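Chemist: Before I ask anything, here is the structure I am working with.
Computed from the coordinates by the stated procedures, all read-outs in this text should not be read as laboratory data. Here the structure is a predicted model, which is why all the values come from computation and not from measurement. No Cβ is skipped: glycine too gets one built from the backbone with ideal geometry, and neighbour counts run over all protein chains shown.
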Amino acid sequence: MGSETIDNNLDKGLIKEIKKRRTFAIISHPDAGKTTLTEKLLLFGGAIQQAGAVKSRKITRAATSDFLSIEQERGISVSSSVMKFNYKDYEINLLDTPGHKDFSEDTYRVLTAVDCAIMIIDNAKGVEPQTRKLMEVCRMRNTPIITFINKLDREGMEPLDIFEDIEDKLQIECVPLTWPIGMGKRFKGVYDLEKKELGIFSPGYDPKNDDGILIQDLADKRLDELISESQAELLREDVDLILGAAEPFDMDLYLNGTQTPVFFGSAINNFGVREMLDAFVKIAPPPGLRPTATRDVNPAEKNFSGFTFKIQANMDPEHRDRIAFFRICSGKFTKGMKVRHHRIGKDIKISNATIFLAQERSNVDQAYPGDIIGIHNHGTIKIGDTFTTKEPLKFLGIPNFAPEHFRRVLLKDPMKAKALTKGLMQLAEEGTIQVFKPLTGNLHILGAVGVLQFDVTMARLKAEYTVNAGYESIDLSVARWVTCEDEQIFKEFTKRNQSSLAKDAEGRLTFLTTSEYQLGFTMEEWPKIEFHKTREHNL
Ligand code: G4P
């Protein structure tokens, strides 16, 4: 199809809606302040009325991973997986990346559905391991990253040392858009390097009663009174230095993920949050082109399209439905519309989709590119499924991630072997767990990115498939999908490595081994074999 034909299919009315939308996630290491920042953003957006609303859900989520708490957690996390709020003229979709005990493939996959991410770094800790992992995923799609350095009200690293840490560990260039005034007890607020103004706030100030004091000229003598002469002098020097020496913010570099604008603040005290949010709505990209196996899809195309990036099962035995989280990529969704479910080759009518507001779920009448809708189903939708008006598209960039934890499944009741296989296959389709069938041997090996996935799997096998099973540990820690262009070499590799090979739920050959060291050894031995850390759902 030529680009002219596609242009004719663009809908001007849609463009207005698309421009308003910002779909993003927050990435951070546990305890950096994600919950706190989320709450402040929702407060600014008027989506919640008081602090504590998001926090209370976190306390419930932090409970141990027994069956009941998984159930509770799921009930809660459905409504908080996507939070829609408005700020100024913008419609913002904030997608939660569960990141504590429940770290799993879902966390990663959520990032495939966003157009931008806010990265929170704890001022005292710098870049931490989970942030690194999440950044790796963002890098796969060159997702633009906005950085928020949090907890400036505590002593921590100097701003330039934090930049060095980020640039070193994450290979992304930092460009400050705000600059902190002091740190710890001396922290007084942030200077906005773009607007060239300075908000001085009292701790815990209320965004609704904007009681900050605004200084618009650094030479203003009031500054010396407000933040002390020495701090004012230091700020003037810092700002001179930064404006002279720092690389300028470059929209293109930021949009392709090689440069990150940096904001400083203290989420809990509301310092610097407004500055970031104001910049965010301006520089976070609206929904853009999305690649499919055949062509790039423009969000303003009249024809509807989108994909499923997450499935949430309802643990309530009374309601055995599942919710498929579906990202709209083009066209307008209207309640009751008929779409083509390409994998099963059928038209389906979506009459009961849900839109997720910060504190409630409501039935959606219409939705636009960038929006996430929840589609109820009984197991007919799986991760990566694409629905369109007509054209058989397959969206790319929805991967499986190589598991890092493994267990062998031991069936307690041998009569249930069939039910076990069926259950595991369905749970694999939903992305709950990865299932591998070794080339030699009969027992299933399960693989997960986060260990909570094992508990959820076992609980669901019992509740939904009445399968009583257990786990046995297994000496594996690395998995890679393997391919090779040379058929002969691939055959030879398969023959010689039978005991380390398994097929995943979709029959793709996977190399399983004990350590990165062993993997490296095998890779050296077989240079023509490709070892993949991720695998596309739709290829
Ligand atoms: P998370 O979702 O990323 O795990 O982090 P969360 O927001 O829960 O914050 C982790 C801890 O850091 C919380 O303290 C929170 O109050 C604190 N925090 C968040 N932002 C700031 C900040 O700007 N400055 C300071 N000093 N602390 C901040 P907690 O003791 O674990 O919980 P709580 O008792 O405060 O609820």
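Chemist: Please work out how much length the chain gains when fully extended from Gln488 to Lys533, using 0.36 nm per residue of separation minus the C-alpha to C-alpha distance, in nm with one decimal.
Modeler: My answer for the length gained is 13.9 nm.
Chemist: Could you please report the charge total around Lys185, scoring K, R as +1 and D, E as -1 over all other residues with beta-carbon less than 11 angstrom from its beta-carbon?
Modeler: Surrounding charge for Lys185 is +1.
Chemist: How much length, in nm to one decimal, is gained on full extension between Glu229 and Asn363, taken as 0.36 nm per residue of separation minus their Cα-Cα distance?
Modeler: Here the answer is 42.6 nm.
Chemist: Counting other beta carbons within 10 Å of each Cβ, put Cys138, Cys329 in order, fewest first.
Modeler: The most exposed by this proxy come first: Cys138, Cys329.
Chemist: Related question: Amide H neighbours of Thr292 under 5 Å, counting only residues 5+ apart in sequence or on other chains, H built in-plane at 1.01 Å?
Modeler: Val297, Leu396
Chemist: Quick one: 3J(HN,Hα) in Hz for region 415-421, Karplus 6.51/-1.76/1.60 with θ = phi - 60°, rounded, Gly and Pro as x.
Modeler: Computed from phi, the couplings for region 415-421 are 5, 9, 4, 5, 4, 4, 4 Hz.
Chemist: If I take the Cα coordinates of region 290-388 and project them onto the principal axes, what are the three extents in Å, biggest first?
Modeler: 42, 29, 21
Chemist: Same structure again: Can you figure out the FRET efficiency of Lys169 with Met415, using R₀ = 45 Å and their beta-carbon distance, to the nearest 0.05?
Modeler: For Lys169 and Met415, the calculated efficiency is 0.30.
Chemist: Please go through the residue pairs Lys84/Lys310; Lys346/Lys394; Lys88/Lys188; Lys416/Lys462; Lys282/Lys332 and name each one whose alpha carbons sit more than 20 Å apart in this structure.
Modeler: Those over the limit are Lys88/Lys188; Lys282/Lys332.
Chemist: For a protection proxy built on the mean count of beta-carbon atoms within 10 angstrom, sort 27-35, 13-21 highest first, please.
Modeler: 27-35, 13-21
Chemist: Still on this structure, I have one more. Provide the gained length on full extension for the span Asp31 to Asp475, in nm with one decimal, where the gain is 0.36 nm per separating residue minus the Cα-Cα distance.
Modeler: Computed gain between Asp31 and Asp475 is 156.7 nm.
Chemist: Residue by residue through region 146-159, which ³J(HN,Hα) values in whole Hz follow from phi under the Karplus form 6.51 cos²θ - 1.76 cosθ + 1.60 (θ = phi - 60°), with glycine and proline marked x?
Modeler: Computed from phi, the couplings for region 146-159 are 10, 9, 10, 8, 9, 6, 5, 6, 10, 5, x, 6, 5, x Hz.
Chemist: On to the next question. Output the direction-averaged projected area (hull surface divided by four) of the convex hull of the alpha-carbon atoms of the chain, in nm².
Modeler: Quarter of the Cα hull surface area: 26.9 nm².
Chemist: Would you mind checking the tilt of helix 67-80 against the longest principal axis of the Cα atoms of the chain, expressed as 0 to 90 degrees and rounded to 10?
Modeler: 50 degrees
Chemist: So what is the calculated 222 nm ellipticity per residue for the chain, using -39500 (n - 2.57) for each DSSP H run with n of 4 or more, over all residues, to the nearest 500 deg cm²/dmol?
Modeler: Mean residue ellipticity, 222 nm, calculated: -9000 deg cm²/dmol.
Chemist: Rounded to the nearest 20 debye, what is the charge dipole size of the chain about its Cα centre when +1 sits on each Lys and Arg Cβ and -1 on each Asp and Glu Cβ?
Modeler: 2720 debye
Chemist: Which FRET efficiency, nearest 0.05, do Asp217 and Asp161 yield, Cβ-Cβ r, R0 25 Å?
Modeler: Rounded to the nearest 0.05, the efficiency is 0.25.
Chemist: OK, next. Projected onto the charge dipole of region 290-388 (+1 at Lys/Arg Cβ, -1 at Asp/Glu Cβ, origin at the Cα centre), which of Pro291, Cys329, Gly384 gives the Cα projection farthest towards the positive end?
Modeler: Sorting the options by dipole projection puts first Pro291.
Chemist: Take every Cα pair under 8 Å in region 121-257 that's 6+ residues apart, average their separations, divide by the length, and report that relative contact order as a whole percent.
Modeler: That works out to 22 percent.
Chemist: Separate question: In percent, how large is the relative contact order of the chain, given Cα pairs closer than 8 Å and 6 or more residues apart?
Modeler: Relative contact order, the chain: 15 percent.
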